[in-house]
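Reading through the structure tokens given below for one structure.
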């Protein structure tokens, strides 16, 4: 599912947004307007009872506030133009209703300028004196979090689960983390050196790099999950619960009896069980983040290899 900050783009966002709207309003109150036959006439669908028209748009991410605003502004401008120009088509679709809202539905917006642009477009539509526009008409912009209840309900019933894109972590990001957390990285090196499969410094350094990358990828995913608070806190609670058990097992020496793969695998199973909303790919990434975090911060370690 979502992109750089937990958000979908393009046709994937349109499909998800339509599902959200249909779930929120009800399938007999939200009418989709398919675009495969001669385009969508500037709308994605409309709610019958609330006289609200929706156009869904998810721009490519990651981008900054200014660029996101400009893309959303241009989309609004283009599709309000269609909303006015295609009066013959839209009159037939809406009849006998008069619409009170035209709403740009985006994953997120973060500039007040898009609200100001919507106000300007409101006047443009009113001046056009369209037969399907009500006297209280207004152009608006809304975001996914405004439909958080419907979103969370859908995520709980989606078989494949919430699928966030795997963040890209550059070598520069790893170097930056290493340079500002040298003591923690040294501790990680020391722990990984104890693994029986690590026999050379080259193997150890490659494993350290892999663990750090998994940690930073998982941290980025956790940041994306803040867009889905119910899922986010389930992940944190599950991780905290396992961390407590790891700490307690350290007291009797059990924490280091398994190997790294077993530990990752068992925590993946726990995440799948407790956070059913997550896609399996994200479960893997978050399990790797947790293991890396525990290795770096101490609850997880491995015994020295001994030769009997």
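The values are calculated or read from the model by the stated rules, or taken from the named source; none is laboratory data. These numbers come from a predicted model, not from an experiment. Virtual Cβ from ideal backbone geometry, glycine too; neighbours counted across all protein chains shown.
Can you pull out the residues in segment 190-204 that are touching a residue at least 12 places away in the same chain (Cβ under 8 Å) and either in a helix (DSSP H, G or I) or within 24 Å of residue 170 (Cβ to Cβ) (or both)?
191, 192, 204
Here is a yes/no grid of residues against (1) modelled with pLDDT under 95; (2) part of a helix (DSSP H, G or I):
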residue: 63; (1), (2): yes, no
residue: 67; (1), (2): no, yes
residue: 70; (1), (2): no, yes
residue: 75; (1), (2): no, yes
residue: 78; (1), (2): no, yes
residue: 102; (1), (2): no, no
residue: 116; (1), (2): no, yes
Exercise for review: Run down 144, 168, 243, 227 and say which single residue is touching a helix residue (DSSP H, G or I) at 6+ places or on another chain (Cβ under 9 Å) and loosely packed, with under 12 Cβ neighbours inside 10 Å.
Suggested key: 168
Exercise for review: Inspect all residues belonging to segment 88-109 and state whether any of them is under 28 Å from residue 154 (Cβ atoms), surrounded by fewer than 20 Cβ atoms within 10 Å (Cβ to Cβ) and under 26 Å from the mean Cα position of the chain (by Cα).
Suggested key: yes
Point to revise | Conditions (1) touching a helix residue (DSSP H, G or I) at 6+ places or on another chain (Cβ under 7 Å); (2) under 19 Å from residue 119 (Cβ atoms); (3) at pLDDT 90 or above: number failed by residue 32 | key: (2)
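On the given criteria, is residue 50 touching a helix residue (DSSP H, G or I) at 6+ places or on another chain (Cβ under 9 Å), at pLDDT 95 or above and surrounded by 18 or more Cβ atoms within 10 Å (Cβ to Cβ)? Reasoning before the result, please.
Numbers: touching a helix residue (DSSP H, G or I) at 6+ places or on another chain (Cβ under 9 Å): yes; at pLDDT 95 or above: yes; surrounded by 18 or more Cβ atoms within 10 Å (Cβ to Cβ): no.
Judged against the criteria, residue 50 is not a match.
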Check your understanding: If we keep just the residues of segment 232-280 that are modelled with pLDDT of 75 or more and not in a helix (DSSP H, G or I), which is nearest to residue 151 (Cα to Cα)?
Key -> 277
Practice item. Within segment 127-140, count every residue that is without any contact (Cβ under 8 Å) to a residue 60 or more places away in the chain and surrounded by 15 or more Cβ atoms within 10 Å (Cβ to Cβ). Key: 6
Practice item. Determine which member of the set 221, 155, 195 is closer than 19 Å to residue 278 by Cβ and at pLDDT below 85. Key: 155
